[in-house]
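J.: There's a structure below that I have some questions on.
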Amino acid sequence: MRFVVKGAEPACLTQVRREVDRIVDDSGQGLTTADWSELKDCAQPVRDALAFEQAHLCAYCMGRLRTTGHHDVTNPSGMKIEHFVPRSVQPAQMFQWSNLLGVCSGRTVIQQGTHDTCDRVRGNRPLHINPARRPPDPAACFSYRRDGTIVGLSPEAHDDIVTLNLNADPLRNARAAAIAHVQKELRRDDTVANLRRLHRQASSPNTSGELPPYAGAVAAYITKKLRARGVET
Ligand SMILES: [Zn+2]
């Protein structure tokens, strides 16, 4: 995970919240999970804004977000709008920008089977580490092994790894491949200057506003290498 700096919400979300507040006032009843459908045409602007502030990476697994189109049966790889505090737990937070995150579809199908992660496997279980709120800094709550395993540095972080199934084979393999790619670059040139360049690539979005998938694992790997040479990032 990486800390997500929440920017301004899309104007249409402010509008939706106003309309929903009016419905609640008129009916005298609180929001229910079904009221999420009131988002309507604002769904795409919300997806775009979430993807932008997350450098086009899933807030939980750091896989690539695909923003085109709503996640449904016809578009199974589409991104989802996730509620950090689930709708069913606190319906009042349903349209709060600070509670919204962009997440991947949470399903990878490989030869060995189907692997569910992130929101899809979480259900409505609570999470402790909020990618969009610190302390604690989400990036500092996890470390990575060279084989791509993500390790929680606190009992809470460990719990969240289990809840989100972040050590599912496809994720572990993808992180290992991202680290292996950097190792290959370092065999060619392992100067501090090159380490710094690779660290920048893994921590600062490019001109399209994107970070490479699994950049968190790569950034942590390079930070360790730099520290070993007495250089702080
Ligand atoms: Zn994900």
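The values are calculated or read from the model by the stated rules, or taken from the named source; none is laboratory data. These numbers come from a predicted model, not from an experiment. Positions of Cβ are generated from backbone atoms using ideal geometry, with glycine treated the same way; all protein chains shown enter the neighbour counts.
J.: Criterion first (within 11 Å of the ligand (Cβ to nearest atom), more than 18 Å from Gly7 (Cβ to Cβ) and modelled with pLDDT of 90 or more) does Arg146 satisfy it?
T.: Values: within 11 Å of the ligand (Cβ to nearest atom): no; more than 18 Å from Gly7 (Cβ to Cβ): yes; modelled with pLDDT of 90 or more: yes.
Criteria not met by Arg146.
J.: Of the residues Val103, Val109, Val121, Val46, only one is more than 16 Å from the ligand (Cβ to nearest atom) and of a type in the set (A, V, I, L, M); which? If you could, list the steps in order and put the result at the bottom.
T.: Numbers: Val103 fails: more than 16 Å from the ligand (Cβ to nearest atom); Val109 fails: more than 16 Å from the ligand (Cβ to nearest atom); Val121 fails: more than 16 Å from the ligand (Cβ to nearest atom).
Exactly one of Val103, Val109, Val121, Val46 is more than 16 Å from the ligand (Cβ to nearest atom) and of a type in the set (A, V, I, L, M), namely Val46.
J.: With respect to Pro170, is the statement that it is under 16 Å from Leu57 (Cβ atoms), of a type outside the set (Asp, Glu) and more than 15 Å from the ligand (Cβ to nearest atom) true? Before you say what the answer is, go through the steps one by one.
T.: Numbers: under 16 Å from Leu57 (Cβ atoms): yes; of a type outside the set (Asp, Glu): yes; more than 15 Å from the ligand (Cβ to nearest atom): no.
For Pro170, the condition - under 16 Å from Leu57 (Cβ atoms), of a type outside the set (Asp, Glu) and more than 15 Å from the ligand (Cβ to nearest atom) - is not met.
J.: Between Ile161, Ile129, which is in contact with a Cys (Cβ under 6 Å, 6 or more places away or on another chain) and over 15 Å from Ala215 (Cα atoms)?
T.: Numbers: Ile161 fails: in contact with a Cys (Cβ under 6 Å, 6 or more places away or on another chain).
It is Ile129.
J.: Restricted to the stretch 152-167, and to residues that are within 12 Å of the ligand (Cβ to nearest atom) and either within 17 Å of Ala220 (Cβ to Cβ) or among the polar types (S, T, N, Q) (or both), which residue is surrounded by the fewest Cβ atoms within 10 Å (Cβ to Cβ)?
T.: Asn165
J.: On to the next question. So His70 fits all but one of (1) at pLDDT 95 or above; (2) more than 29 Å from Pro136 (Cβ to Cβ); what number is the exception?
T.: The one condition His70 does not meet is (1).
J.: Going by the conditions given, is Tyr214 buried (at least 19 other Cβ atoms within 10 Å of the Cβ) and either acidic (Asp, Glu) or under 15 Å from the mean Cα position of the chain (by Cα) (or both)?
T.: yes
J.: Checking Leu13 against (1) surrounded by 17 or more Cβ atoms within 10 Å (Cβ to Cβ); (2) at positive phi, which test does it fail?
T.: It is condition (2) that Leu13 fails.
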